[in-house]
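The values are calculated or read from the model by the stated rules, or taken from the named source; none is laboratory data. Quick caveat: nothing in here was measured; it's all calculated off a predicted structure. Glycine also receives a Cβ, built like all others from the backbone with ideal geometry; neighbour counts cover every protein chain displayed.
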Amino acid sequence: MKFILGEKVTMTQYFDAQGRAYGATVVKAGPAVVTQLKTVEKDGYTAVQVAFGERKEKNIAKPQLGHFKAAVAGTEGATSNFRHSREFRVTPEELAMYTLGQVIDATSFATDDTIRVSGISKGKGFQGVVKRHGFGGGRRSHGQKHSEREPGSIGGSGGRAGGRVAKGMRMAGRMGSDLITVRNLKILAVDKATNTFVIKGAVPGKPGTVLEIIG
């Protein structure tokens, strides 16, 4: 299993060698640094923790900063003021392929690789049922004046005593800011000089959103 952390840059139009156009997303992928190797004996499961991005050292909690510094100790020129960290579950055999302080960059992936991308979607605040669930709204005729975006009846059907609202009823509420995973995406191009991917289609979030990319 291959994995890396990245950051959404922008969406664009990409033309392949045959001149076909695709809607695509540009993602800055890494470099990410291995900051911890979790084992069954010590942690109860096997995983690789990686860190990505930079921020001011004064804004990092001291325990976390010490953890990062220990991971890159002995690596010349390595920074320890990482902005994000995530962990990826791996098998014991895959865990043996990684070492503390190892750098993972775009060269781990290739054009035409199939990947899945996870990230936090755009937050849309409190939304009604038309936008949140695709409801059609009320009728615009027969004396109805302000029912264009109303949800309609929410209870009393199905013989429920007291007309209670059924659990799971689709209603207005908070929308977005959820962890979304998009599977079976294809890498259209890899720029190893700038550590960027061009990924076919859309990925979750706005520009700057941290993404987990797994191949």
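Among the residues of the range 1-45, those that are acidic (Asp, Glu) and surrounded by 11 or more Cβ atoms within 10 Å (Cβ to Cβ) comprise GLU7, ASP16, ASP43.
Being surrounded by 15 or more Cβ atoms within 10 Å (Cβ to Cβ) and in contact (Cβ under 8 Å) with a residue 24 or more places away in the chain: is that true of THR181 here? So THR181 does not fit the description; no.
Only one entry of VAL26, VAL90 meets the criterion of being modelled with pLDDT of 90 or more, closer than 17 Å to LEU211 by Cβ and in the same structural domain as VAL210 (by TED's automatic domain parsing), and that entry is VAL26.
Cβ separations smaller than 8 Å between residues 6+ apart or across chains give no pair from the range 47-59 residues that are without any contact (Cβ under 8 Å) to a residue 40 or more places away in the chain and farther than 11 Å from SER85 by Cβ to residues that are part of a helix (DSSP H, G or I) and among the aromatic types (Phe, Trp, Tyr). Among the residues of the range 1-40, those identified as touching a residue at least 24 places away in the same chain (Cβ under 8 Å) and not in a strand (DSSP E or B) are MET1, LYS2, ASP16, GLY30, PRO31, THR39, VAL40.
Beta carbons closer than 6 Å, at least 6 apart along the sequence or on distinct chains, pair a first residue in the range 184-195 that is over 14 Å from ASP113 (Cβ atoms) with a second that is exposed (fewer than 15 other Cβ atoms within 10 Å of the Cβ) and of a type in the set (D, E, K, R) for ASN195/ASP105.
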